[in-house]
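The values are calculated or read from the model by the stated rules, or taken from the named source; none is laboratory data. No experiment lies behind these values; they were computed from the predicted model shown. Here the Cβ positions follow ideal geometry from the backbone for every residue, glycine too, while neighbour counts run over all protein chains shown.
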Amino acid sequence: MSTPIKTPCVKVCFVDPKQGVCVGCFRTMEELGKWTRYSDAERDGIMQDLPRRRDAYGARENPAG
């Protein structure tokens with residue numbers, strides 16, 4: 001039996017067409033499409049960057065906040 005692939009998916013799948021990222025997990029369309037083909041190290045690297053992307057997205061959507 002294989003080990004499940006780690007994923008940041010929160011099952012809130014909506015891609016912001018302006019930003020090109022899923023507003024649930026903040027992965028790009030390319031990352032979503034290639035997720036299962038990435039190595040564990042590549043996935044870990046992307047997942048480490050997701051909090052920064054979330055914060056940057058929030059700042060763009062709520063510039064006064």
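Some observations on this one:
- Listed conditions (1) under 10 Å from the mean Cα position of the chain (by Cα); (2) surrounded by fewer than 11 Cβ atoms within 10 Å (Cβ to Cβ) are all met by residue 25, apart from (2).
- Residue list for the stretch 29-43, filter: among the hydrophobic types (A, V, I, L, M, F, W, C) and within 18 Å of residue 53 (Cα to Cα): 29, 32, 35
- Here the stretch 33-65 is the region considered, the condition is being closer than 18 Å to residue 5 by Cβ and touching a residue at least 12 places away in the same chain (Cβ under 8 Å), and the residue that is surrounded by the fewest Cβ atoms within 10 Å (Cβ to Cβ) is 36.
- Residue check, residue 7 among the polar types (S, T, N, Q), under 8 Å from the mean Cα position of the chain (by Cα) and either modelled with pLDDT under 95 or surrounded by 11 or more Cβ atoms within 10 Å (Cβ to Cβ) (or both): no
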